[in-house]
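Read through the structure below, which is laid out as structure tokens, and then see the notes.
The values are calculated or read from the model by the stated rules, or taken from the named source; none is laboratory data. What you are looking at is a predicted structure, and each value in this text was computed from that prediction instead of being measured. Counting neighbours? That spans all protein chains shown, and the Cβs are built from the backbone with ideal geometry, glycine included. Note: areas computed on protein heavy atoms with side chains; ligands, DNA, RNA excluded. Shrake-Rupley method; radii C 1.70, N 1.55, O 1.52, S 1.80 Å.
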Amino acid sequence: MDQGVASGDGIRGPLLACRNVSKYFGALAAVRDLGFDVSPGEVLGIGGPNGAGKTTLFEMISGFNAADSGEIVFDGEPITGWTPERICHRGIARVFQMNAGFDTLSARENVILANYFGATNRVIPGLRFSRESMDRADQSLEVVGMADKRHVACRHLPVLDRKRLMIASALASEPRLLLMDEPVGGLNPEEIADIVAIVGRLPALGVTLIIIEHVMRFLVQLSTRVMILHHGEKIYEGSAAGMIRDRTVVDVYLGEGTSTRLAHFLSAKAGDAGPAASA
Amino acid sequence: MSRRDIVVGLALLAALLAVPALDPSRYIIGQLTLFFIWATIVTQWNLVLGVAGIFSLAQTALFAFGGYVTGMIGLYFGWPLWFALPVGGLAAVAFSLLIGVACLRLRGAYVALLTLAISQVMYLLIITDTECFYMDGVTCRNLTGGTRGLTKYGDFGFREILGAQWILGNYYLGAAILALATLASFIIIRSPLGMAFRALRDNQVYARSRGISRFKYQLLVFAVSAFFTGLAGGFYAGHFKVMGANTLYLSLSLFLLSMVIVGGVGRVWGPLAGAATLMIADEAFKEFVEYRNLGIGAVMVLFVMLLPKGIAGTIEDTLLPRFKRAPKGEGQETG
Ligand SMILES: Nc1ncnc2c1ncn2[C@@H]1O[C@H](COP(=O)(O)OP(=O)(O)O)[C@@H](O)[C@H]1O
Ligand SMILES: [Mg+2]
């Protein structure tokens with residue numbers, strides 16, 4: 001994860017490719033015939049109303065819920081139908097929408113485990129954690145700024161720290177692709193700025209990102225490209241600037257008000273460096 | 001393993017090895033030997049229930065399975081029990097894998113129900129076993145020994161070596177099995193494996209997303225704990241020279257379960273503390289025959305309500321930090 005962005009011989013094609021992926025819950029098409037690519041080094045932002053199928057898409061990519069049809073290809077290899085463990089070992093990590101963690105273990109133990117069991121498949125685990133795992137874990141805790149809280153039990157951490165811990169754990173499993181599901185959901189502006197700073201550090205570590213987020217300001221700030229889902233289908237894919245001018249997106253999702261505010265935000269951001277972290 | 005664990009362990013072992021030098025009554029030696037057996041089962045049950053958080057009630061079924069297999073191999077194949085013993089342990093492993101696979105799709109209370117059902121079915125199969133398997137003179141014997149119990153498969157041969165002191169041979173063998181089982185549970189709890197078990201206990205879905213296979217590690221914890229539990233069964237068979245369906249009584253299962261709880265669920269020293277406490281309590285209640293189970297139940301209720309962390313948990317989390325005024329945080333959560 002400490003290699004440059006261009007680690008995967010750049011030219012070889014997308015890091016992740018979804019082709020005609022569908023998922024049905026009974027008669028409901030949670031995701032329908034969806035196709036998109038993610039290139040190495042990109043940050044793809046996914047937006048869309050509640051129930052649009054965003055989390056379901058992550059469930060399929062990370063192996064928790066098999067696609068009913070279509071194909072998911074990671075780094076040239078079809079991973080459709082793989083178990084979550086195997087997908088993790090292959091290089092895709094996920095940050096969940098809900099706060100998840102190993103509650104009775106300390107922050108550091110959480111991250112060490114993620115590295116030891118997540119970075120490679122341990123056919124037979126050793127009797128102790130390797131030095132390397134501990135170092136990796138400590139580095140990941142540094143990235144999210146939690147080195148000083150490493151001995152606190154996960155269940156005693158406040159919400160923001162649990163989010164950071166989840167990011168550190170995901171990072172510790174040495175992913176090439178990181179899926180983040182609403183990483184700033186439920187946080188206040190100050191906390192959001194904190195997560196923005198952390199996420200901003202990830203591309204330089206060689207991690208390609210797909211971020212689902214409702215907070216559009218957060219999304220446009222970090223993404224190199226955005227995709228909007230609605231009723232399980234893609235209604236927009238392209239630049240953030242294009243999105244706020246897109247008729248369909250404005251009508252079904254953003255609304256005029258948000259669109260205008262985002263336009264101001266984007267031009268301010270283009271104007272001077274260091275975006276304001278207000279709501 | 002911390003230095004403290006090693007010191008405590010060696011001190012306990014030395015004390016148990018020295019007991020026979022004090023020339024105690026045969027009754028005491030017998031009770032201590034029984035303690036070795038129960039404590040062995042409890043160390044392993046603690047791994048499954050406390051560390052891995054799987055609500056399995058099949059531990060006595062594995063114990064009985066190991067005991068019956070050991071006895072049957074001795075009886076029907078004429079093997080010395082020394083060789084039958086490890087086979088009994090491995091047979092319990094095989095049995096536990098079946099149970100483990102059956103439990104994989106279930107959660108919490110359903111695991112408890114299924115495993116309880118398995119041990120009750122085993123009990124029923126044994127006590128309703130009336131078919132003649134072989135003739136012993138003019139008496140008809142069942143494959144499992146039926147309600148009479150399985151006998152005549154021999155013992156560990158200490159009578160020939162030690163004469164009247166034979167029981168000491170069993171005493172030391174039982175102590176050795178307990179020492180091995182305890183050591184194994186320590187190594188596992190403190191190793192990445194134990195941490196993986198606890199991760200799965202805390203959050204299965206999240207554990208899988210971090211590369212920890214539920215399938216692999218749940219079966220592994222079943223298998224490891226079954227091996228020593230099966231050995232305890234084989235040793236029980238050889239020590240008492242009879243293997244009966246009473247090993248599958250629900251009351252025994254509850255007795256051992258209360259040892260896990262009283263000792264401190266998931267704590268490394270919990271099983272030994274719990275087994276010792278409950279056996280002493282049982283001894284105290286013995287005279288009031290009809291209240292015996294009631295007394296054990298009362299001890300369990302008291303602990304659940306007043307000391308939910310059990311003896312080991314209370315000492316580790318509350319008493320020791322007070323003495324040492326240790327730096328807070330580290331180690332506290334990981335017992
Ligand atoms: N396990 C499930 N069973 C049935 N329906 C589901 C399940 N998971 C999600 N859904 C439905 O699929 C749709 C998409 O859900 P989801 O992917 O969670 O949306 P989003 O993350 O975009 O808010 C919703 O209508 C939701 O109710
Ligand atoms: Mg969602």
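Any residue at all in the range A:150-161 that's at pLDDT below 95, among the β-branched types (Val, Ile, Thr) and part of a helix (DSSP H, G or I)? Yes, there is a match, as at least one residue in the range A:150-161 is at pLDDT below 95, among the β-branched types (Val, Ile, Thr) and part of a helix (DSSP H, G or I). Evaluated against (1) away from ligand 2 (no atom under 16 Å from the Cβ); (2) surrounded by 22 or more Cβ atoms within 10 Å (Cβ to Cβ); (3) within 15 Å of the chain's Cα centre (by Cα), A:GLY41 falls short on exactly one condition, (2). In summary, A:TRP82 fulfils each of the numbered conditions (1) of a type in the set (Phe, Trp, Tyr); (2) under 18 Å from B:ARG201 (Cβ atoms); (3) more than 10 Å from chain B (Cβ to nearest Cβ) with the single exception of condition (2).
All conditions but one from (1) surrounded by fewer than 22 Cβ atoms within 10 Å (Cβ to Cβ); (2) within 16 Å of ligand 1 (Cβ to nearest atom) apply to A:PRO183; the one that does not is (1). Across the range B:199-213, the qualifying residues are those that are open to solvent by 10 Å² or more (accessible area, probe 1.4 Å) and in contact (Cβ under 8 Å) with a residue 40 or more places away in the chain, and the one among them that is farthest from the other protein chains (Cβ to nearest Cβ) is B:ARG201.
Criterion applied to B:GLY145, B:GLY137 was being in contact with a strand residue (DSSP E or B) (Cβ under 9 Å, 6 or more places away or on another chain) and either at pLDDT below 85 or small (Gly, Ala, Ser) (or both), and the one residue passing it is B:GLY145. Checking each residue in the range A:186-212 for being open to solvent by less than 10 Å² (accessible area, probe 1.4 Å) and more than 16 Å from ligand 2 (Cβ to nearest atom) picks out A:ILE195, A:ILE198, A:VAL199, A:LEU202, A:VAL207, A:THR208, A:LEU209.
Yes or no, residue by residue, for (1) open to solvent by less than 20 Å² (accessible area, probe 1.4 Å); (2) in the same structural domain as A:ARG201 (by TED's automatic domain parsing); (3) within 17 Å of B:SER209 (Cα to Cα):
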site: A:THR104; (1), (2), (3): no, no, no
site: A:ARG108; (1), (2), (3): no, no, no
site: A:VAL111; (1), (2), (3): yes, no, yes
site: A:TYR116; (1), (2), (3): yes, no, yes
site: A:GLY126; (1), (2), (3): no, no, no
site: A:PHE129; (1), (2), (3): no, no, no
site: A:SER133; (1), (2), (3): yes, no, no
site: A:ALA137; (1), (2), (3): yes, no, yes
site: A:VAL144; (1), (2), (3): yes, no, no
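Within the range A:137-150, can one find any residue that is over 19 Å from A:PRO175 (Cβ atoms), of a type in the set (Val, Ile, Thr) and more than 9 Å from chain B (Cβ to nearest Cβ)? Scanning the range A:137-150 turns up no residue that is over 19 Å from A:PRO175 (Cβ atoms), of a type in the set (Val, Ile, Thr) and more than 9 Å from chain B (Cβ to nearest Cβ).
Considering B:LEU231, B:LEU220, B:LEU183, B:LEU173, the condition of being of a type in the set (A, V, I, L, M), more than 25 Å from B:GLY108 (Cβ to Cβ) and open to solvent by 40 Å² or more (accessible area, probe 1.4 Å) is satisfied by B:LEU183 alone.
Considering the conditions (1) closer than 26 Å to B:ILE212 by Cα; (2) touching a residue at least 24 places away in the same chain (Cβ under 8 Å), A:ALA30 is excluded by exactly one of them, (1). Of all residues in the range A:171-185, those satisfying the criterion of being away from ligand 2 (no atom under 15 Å from the Cβ) and farther than 15 Å from A:GLY200 by Cα are A:ALA172, A:SER173, A:GLU174, A:PRO175, A:ARG176. Scanning the range A:72-85 for residues that are loosely packed, with under 15 Cβ neighbours inside 10 Å and farther than 23 Å from A:TYR24 by Cβ gives A:GLY76, A:GLU77.
Would you confirm, using the coordinates I've provided, whether A:GLU109 is over 23 Å from A:HIS231 (Cβ atoms), acidic (Asp, Glu), free of Cβ contacts under 8 Å to residues at least 12 places away in the same chain and within 12 Å of chain B (Cβ to nearest Cβ)? So A:GLU109 passes the test. Whether a residue is open to solvent by 40 Å² or more (accessible area, probe 1.4 Å), modelled with pLDDT under 95 and basic (Lys, Arg) was assessed, and A:ARG217 passes this test. Of all residues in the range A:25-41, those being more than 9 Å from ligand 1 (Cβ to nearest atom) and part of a strand (DSSP E or B) number 7.
Which ones in the range A:13-38 are aliphatic (A, V, I, L, M) and either on the phi > 0 side of the Ramachandran plot or open to solvent by 40 Å² or more (accessible area, probe 1.4 Å) (or both)? Correct list: A:ALA27, A:LEU28. Being of a type outside the set (Ser, Thr, Tyr) and assigned to a helix (DSSP H, G or I): is that true of B:GLY74 here? The answer is yes for B:GLY74.
For the range A:50-71, a residue qualifies if it is part of a loop (DSSP other than H, G, I, E, B), surrounded by fewer than 23 Cβ atoms within 10 Å (Cβ to Cβ) and within 9 Å of ligand 2 (Cβ to nearest atom), and the qualifying residues are A:ASN50, A:GLY51. Within the range A:111-146, being assigned to a helix (DSSP H, G or I) and either of a type in the set (Lys, Arg) or over 22 Å from the mean Cα position of the chain (by Cα) (or both) holds for A:ARG131, A:GLU132, A:SER133, A:MET134, A:ASP135, A:ARG136. Scanning the range A:220-231 for residues that are open to solvent by less than 10 Å² (accessible area, probe 1.4 Å) and touching a Leu at 6+ places or on another chain (Cβ under 7 Å), we see that the one that is modelled with the lowest pLDDT is A:VAL220.
So that you can scan it fast, the table gives a plain yes or no per residue for (1) farther than 22 Å from A:VAL199 by Cβ; (2) within 16 Å of ligand 2 (Cβ to nearest atom); (3) at pLDDT below 95:
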residue: A:ASP2; (1), (2), (3): no, no, yes
residue: A:ALA17; (1), (2), (3): yes, no, no
residue: A:ASN20; (1), (2), (3): yes, no, no
residue: A:ARG32; (1), (2), (3): yes, no, no
residue: A:GLY45; (1), (2), (3): no, yes, no
residue: A:THR83; (1), (2), (3): yes, no, no
residue: A:ILE87; (1), (2), (3): no, no, no
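The residues listed here are A:VAL252, A:VAL220; of these, the one that is over 25 Å from A:PHE74 (Cβ atoms) and either within 16 Å of ligand 1 (Cβ to nearest atom) or outside the structural domain of A:ASP75 (by TED's automatic domain parsing) (or both) is A:VAL252. Selection over the range A:87-106 of residues that are more than 7 Å from chain B (Cβ to nearest Cβ), of a type in the set (S, T, N, Q) and assigned to a strand (DSSP E or B) gives a count of 0.
When the criteria are applied in full, B:ILE189 fails the requirement of being assigned by TED's automatic domain parsing to the domain that holds B:TRP38, out of contact with any Cys (no Cβ under 7 Å at 6 or more places or on another chain) and surrounded by fewer than 22 Cβ atoms within 10 Å (Cβ to Cβ).
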